[in-house]
Each structure stands twice: as structure tokens, then as C-alpha cells.
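First the structure, in the form of C-alpha cells, and then the observations on it.
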Amino acid sequence: MGSPKSKPALERLGHDIRGARLRRGIAVADLAVRAGTSPSTVARLEKGDPGVGIGTLADVLVVLGLIDRLADLIDIRKDDLGLALAAERQPRRGRSFTTALRRQKAKGKTAQEDTDVVDLDGASF
């Protein structure tokens, strides 16, 4: 479970959680009780096990006072690739049919020269 690319990131996350726990002087058993999980799950989380649920991670971060960091993990306002792709998919403003007709009329083309007579209010004959 877990890709080779995610393994180092999860191990670093586990190492950082362990460091935060130790700086606060909290034992694994105490952290587990306060987070509502087992000491073995906390140990697995600290080892970077990809099988530990994100809910457990969130509970541990609440106990450590770091839950805001989880909410900031993926900030879509800072997702440069996603913003660029979304900008490419934005519809381009085009000229309406009525605007094109008005431009033709302004150039001197009369309605009699056309095979179809088009009313600018939208009715076509």
C-alpha cells in the first residue's frame, strides 16, 4: 500500500509528528488516549505507515495543537498548475451574431444584397 514516491513523505511526516510529541513531553500512550486511538496506531503513524487513516492523523494533530497545518496542506489558491489549467479552460468571449450583423451594416452592406434578410431583433426571414 502506498507508492514509492509517497513513502519518503509519509516517513518524514511520521518523524515530524514524533518530534512534535517529544518536544511537548507527551508519551505515546498518553497521545493515543487523548487522540482516541491505540498506542500501536500512534507508533505506526510515527513510522510513516500509509495504512493509518487520515482521521487518526487529524486527531493526533488536534492533540498536538497542529490541526491548522492539516487544513493548509492543499491550498487551492497556491496551486499554480491547477490555476493555469483552469485559466486555459475558461471560455473565450466571442462576438455575437447581432454584433457581426451590425458591423456588416456599418461597412455599407445593405439588407437587399444579402440572400437572407435578418432582423437585428433576432427574427430571421
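Contact annotation: residue pairs with Cβ atoms under 6 Å, 6 or more positions apart or on different chains, pairing a residue in region 27-40 that is at negative phi with a partner that is part of a loop (DSSP other than H, G, I, E, B) and modelled with pLDDT of 95 or more, are A32/S38. Of all residues in region 1-26, those satisfying the criterion of being in a loop (DSSP other than H, G, I, E, B) and at pLDDT 95 or above are R24, G25, I26. Would region 73-93 turn up any residue that is more than 28 Å from the chain's Cα centre (by Cα) and β-branched (V, I, T)? So far as region 73-93 goes, no, none of its residues is more than 28 Å from the chain's Cα centre (by Cα) and β-branched (V, I, T). Of all the listed residues (A100, A29), the sole one being out of contact with any Asp or Glu (no Cβ under 9 Å at 6 or more places or on another chain), modelled with pLDDT of 95 or more and part of a helix (DSSP H, G or I) is A29. In region 44-57, of all residues being within 17 Å of R24 (Cβ to Cβ) and of a type outside the set (D, E, K, R), the one that is surrounded by the fewest Cβ atoms within 10 Å (Cβ to Cβ) corresponds to L57.
The values are calculated or read from the model by the stated rules, or taken from the named source; none is laboratory data. Quick caveat: nothing in here was measured; it's all calculated off a predicted structure. We place every Cβ from the backbone using ideal geometry, glycine too, and count neighbours over all the protein chains shown.
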